[in-house]
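Structure first, then comments.
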Amino acid sequence: MSEFASGTLSAKNIHLSFGSNHVLRGIDLHVPQGTTASVIGPSGSGKSTLLRVMNRLIEPDQGDILLDGRSVLKDNPDELRRRIGMVFQQFNLFPHKTVEENVSLALRKLRKLSKEQARSEALEQLDLVGLKHKADSRPANLSGGQQQRVAIARALAMKPEVMFFDEATSALDPELVKGVLALMTDLAKGGMTMVVVTHEMGFSRNVSDAVTFMDAGVVVESGPPEQIFTEPRTDRLKGFLADVL
Amino acid sequence: MDILKQLADTFLDWKAMGEVIPKMFAVGLPNTLVLAIISGIIGTALGMLLALMGISRNAAARWIARIYTDVLRGLPPVLTILVIGFGFGPIIRELTGSTSPYPMAIAALSLMSGAYIGEIFRSGIQSVDKGQLEASRALGFGYGASMRLVVVPQGIRRVLPALVNQFIALIKESSLVFLLGLLASEREIFQIGKDAAATTGNLSPYVAAAVFYLVLTIPLTHFVNWIDARLRTGRPEKKEPDEAAAVVGKGAQA
């Protein structure tokens, strides 16, 4: 049984251009409920942009995004984003607020919980990521790994149906990566629907249910991790794997 | 030694100073503070409005803020005060029956400082990493709420030193209100010094006025330095290594 009220997310034929730069050229991605899709590919392939289109931080020029089978492009984008948690490469914690306030801000202002209720829920989330004892510290006084775990707690506090991870471990010192990956693995095993843009091939191979390889704005290859990593079909994927493994 | 004595007589006539100091405390200081504080509050509010207009996605709002700022920053304060005081003073007098030049002086000081404070706020808000807005929007906050709760508070913090400098400038510029003509009870620190200097034929009252200004401005200057240092180094708090990583970390050190 899933610990989360997670949903199914689909992107269909997503196109996006910045001026003459055609960043996404007809992307399809289907992430069934409770599964983890990892998206790999070289820098500038459009992976991070795809995440931002799927939660409408950037509006697509063309295509559709479906959550539990229903198009969300006509919804209020702010409400859509409350249903999709996002974790960033640079953590993006709010430095002027304490750790607990980082997690409880959206609970108070968006879910309209009382201050006490929001704090107790925030502490609960922080406990799950092992940082309850840091509740009253400022983010600047935490290590990168701790900051990223707080960022995960902040996203989870909104009880999202899907979680996005945008190179969540790329900015971390090597020895701090493990703790964050372990937490992401727990979420995946717990039944959260996740889209993970990553350079961590170990995570992609061992934890995710499906792997999508993107290059130059298109999905070049996708499939179960075994197939992608052991039987790559295209030269582009073979070349990429040779570079990163 | 004649020169020294002459200088001492001119600037350090204790008697002339002693006569003027009680008046400065009773009348001048409160008036200076009223002018500077009220203009500071209005100027800060106006500055925030101009800053938000300046970064708005609405081109008209950006242009209005730009033109306003360029004009008000580009004029000498003395000219702005005279134009507003004598230009709009009579209208206010007719409408309200008040003959005090204070509302006009406060308006002029607020309008001027608003232009400077607007630029200070705008630079602060724009210096906030764009990931902050993105993270806030990703949580489900709209643009307005993200700015209010996340971006603007951080922007203000960064420019507090520049903001306090602007308050120091306001305290000094409040002396220009004398140009509009003041009743005895309306005089601020500078005007009291000026009147006393005129009646005694001695510059010591100006020295007394200078001391009053310095007592107000020097602590603020040091307050700026203190905030600046505090912002640079942060509040002292012990930083612990990541516990989860410690196991791995020890191996790496060995």
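The values are calculated or read from the model by the stated rules, or taken from the named source; none is laboratory data. Predicted model, so just to flag it, every value in this text is computed and none were measured. With ideal geometry, Cβ positions are generated from the backbone for all residues, glycine too; neighbour counts draw on all protein chains shown. Ligands, DNA and RNA are stripped out before the accessible areas are found, and what is left, the full protein with its side chains, is counted by its heavy atoms. Shrake-Rupley method; radii C 1.70, N 1.55, O 1.52, S 1.80 Å.
A cut-off of 5 Å between modelled amide H atoms, ignoring neighbours fewer than 5 places along the same chain, links B:D129 with no other residue.
Report, in deg cm²/dmol and to the nearest 500, the calculated mean residue ellipticity at 222 nm for chain B, where each DSSP H run with n ≥ 4 adds -39500 (n - 2.57) and the sum is divided by the residue count. Walk me through the intermediate numbers first.
Details: 12 runs with 196 residues, N = 254.
Using -39500 (n - 2.57) per qualifying helix, the result is -25500 deg cm²/dmol.
Within the protein assembly as shown, all pairs of alpha-carbon atoms sorted by distance into 20 Å bins from zero give the percentages 19, 39, 25, 14, 3, 0. Reported to the nearest whole Å, the Cα centre-to-centre distance from the range B:1-46 to the range A:157-213 is 66. Buried surface for the A/B pair, taken as the accessible area of each chain alone minus that of the pair with a 1.4 Å probe, is close to 2600 Å² in total.
In whole percent, what relative contact order does the range B:72-165 give with Cα contacts below 8 Å and a gap of six or more residues?
27 percent
So if we plug the beta-carbon distance of A:D136 and A:S170 into 1/(1 + (r/R0)^6) with R0 = 35 Å, what FRET efficiency do we get, rounded to 0.05? It comes out at approximately 0.75. Residues in the range B:18-27 carry Karplus couplings, in order, of x, 6, 8, 4, x, 5, 5, 5, 6, 10 Hz; the curve used is 6.51 cos²θ - 1.76 cosθ + 1.60 with θ = phi - 60°, and Gly or Pro positions show x.
Quarter the surface of the alpha carbon convex hull of the range A:62-114 and you get the mean projected area, 5.5 square nanometres.
Scalar couplings 3J(HN,Hα) for the range B:91-104, obtained by applying the Karplus form with A = 6.51, B = -1.76, C = 1.60 to θ = phi - 60°, are 5, 4, 4, 5, 6, 10, x, 7, 9, 5, x, 4, x, 5 Hz; x denotes Gly and Pro.
Taking Cα atoms only, the orientation of helix A:235-244 departs from the longest principal axis of chain A by about 40 degrees. At an R0 of 56 angstrom, the distance between the Cβ atoms of A:S17 and B:L33 translates into a FRET efficiency of 0.45. Here B:T200 and B:Y143 are evaluated by their C-beta separation; at R0 = 56 Å the FRET efficiency comes out at 0.40.
Before rounding to the nearest 500, sum -39500 (n - 2.57) across all DSSP H runs of length at least 4 in chain A and divide by the residue total; then give [θ] at 222 nm in deg cm²/dmol.
Details: 9 runs with 91 residues, N = 245.
That calculation yields -11000 deg cm²/dmol at 222 nm.
Could you work out how far helix A:99-109 tilts from the main Cα principal axis of chain A, as a 0 to 90 degree angle to the nearest 10? Roughly 90 degrees, rounded to the nearest 10.
Close amide H pairs (under 5 Å, H built 1.01 Å from N) link A:E221 with A:F213, residues at least 5 positions away or on another chain. Within straight-line reach of B:K23, meaning a Cα separation under 17 Å, sit the following aspartates and glutamates at least 8 residues removed in sequence or on another chain: B:D13, B:E186, B:E188, B:D195.
Spacing of the modelled spin labels on A:E116 and B:H222, each 7 Å from Cα toward Cβ, amounts to 4.4 nm.
Contact order normalised by length for chain B, with contacts defined as Cα pairs under 8 Å and 6 or more residues apart; what percent is it? Before the final figure, lay out the partial values.
Values: 277 pairs, mean separation 76.1, N = 254.
Computed over chain B, the figure is 30 percent.
Seen against the Cα atoms of chain A and their longest principal axis, helix A:174-189 is set at about 90 degrees.
Whole-Å semi-axes of the range A:1-52's equivalent ellipsoid, largest first, each the root of 5 times a Cα gyration tensor eigenvalue? Spell out each step's value before the answer.
On the way: eigenvalues 139, 28, 14 Å².
They are 26, 12, 8 Å, listed largest first.
As a ratio to 2.2 N^0.38 Å, the alpha-carbon radius of gyration computed for chain A takes the value 1.00. Candidate cross-link partners of A:K159 among the lysines, defined by an alpha-carbon separation under 19 Å and a same-chain spacing of 8 or more, comprise A:K109, A:K112, A:K115, A:K132, A:K189. Exposed loop sites here are trypsin sites (Lys or Arg not before Pro) assigned a DSSP state other than H, G, I, E or B and surrounded by at most 14 other beta carbons within 10 Å; excluding them, the longest clear run of chain B is B:58-237.
The HN-Hα couplings worked out from phi for the range B:147-160 by the Karplus form 6.51 cos²θ - 1.76 cosθ + 1.60 (θ = phi - 60°) are 4, 5, 8, 10, 7, 4, x, 6, x, 4, 3, 5, 9, 3 Hz, whole numbers, x standing for Gly and Pro.
Taken as Cα centroids, the range A:38-57 and the range B:147-181 sit 42 Å apart, rounded to the nearest whole angstrom.
Contact residues in the range A:79-93 by the 50 Å² criterion (accessible area, 1.4 Å probe, full protein complex versus chain alone): A:R81, A:N92. Principal axis extents of the C-alpha atoms in the range B:34-172 (largest first, rounded to whole Å): 54, 30, 26. Which aspartates and glutamates have a Cα less than 16 Å from the Cα of B:K130, not counting those fewer than 8 places away in the same chain? Candidates past the 8-residue exclusion: A:D166.
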